[in-house]
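Asks: I am attaching a structure below and will ask some questions about it afterwards.
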Amino acid sequence: MNEEVDVHAPILLSPDEAAAWCHISVGTLNHLRYHGRFAPAIRIGKRCFWTPKDLLAWLESQKEPA
């Protein structure tokens, strides 16, 4: 069997892009990340990236109770 798999590279956002996407500053992103209160990062070498899916899940978790 020779099945083709449709694989796409994930969208990875840099700290600047992730902060802009979440409407926060890079400083706030770094503060939240340092204290374990931000979306999980994907580390590649020394750099960190985030997927829109993980950022959206983090944003949803920040909703205040109704």
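Asks: Go ahead and estimate [θ] at 222 nm for the chain from helices alone: -39,500 (n - 2.57) per DSSP H run with n ≥ 4, summed, over the residue count, rounded to 500.
Replies: Calculated mean residue ellipticity at 222 nm is -11500 deg cm²/dmol.
Asks: Also, quick follow-up: Less than 13 Å Cβ to Cβ from GLY27, Lys/Arg counted +1 and Asp/Glu -1: what total charge do the surrounding residues give?
Replies: 0
Asks: Which angle between 0 and 90 degrees, to the nearest 10, do you get for helix 52-61 versus the longest principal axis of the chain when only C-alpha atoms count?
Replies: 40 degrees
Asks: So between ALA9 and HIS23, what do we pick up on full extension, going 0.36 nm a residue minus the alpha carbon distance?
Replies: Full extension of this stretch gives 2.6 nm more.
Asks: Using a 10 angstrom Cβ neighbour count of at most 16 plus a DSSP loop assignment to flag exposed trypsin sites (Lys or Arg not before Pro), which longest range of the chain is free of such sites?
Replies: 1-36
Asks: Another one. For the chain, take N as its residue count and report Rg(C-alpha) divided by 2.2 N^0.38 Å. Before the final figure, lay out each step's value.
Replies: Details: Rg = 14.8 Å, N = 66, 2.2 N^0.38 = 10.8 Å.
Dividing the Cα Rg of the chain by 2.2 N^0.38 Å gives 1.37.
Read-outs throughout are calculated quantities, based only on the coordinates presented, and are distinct from any laboratory measurement. Just so we're clear, the structure is a prediction, and the values are computed from it rather than from any experiment. Cβ sites come from the backbone with ideal geometry, for glycine too, and all protein chains shown count toward neighbours.
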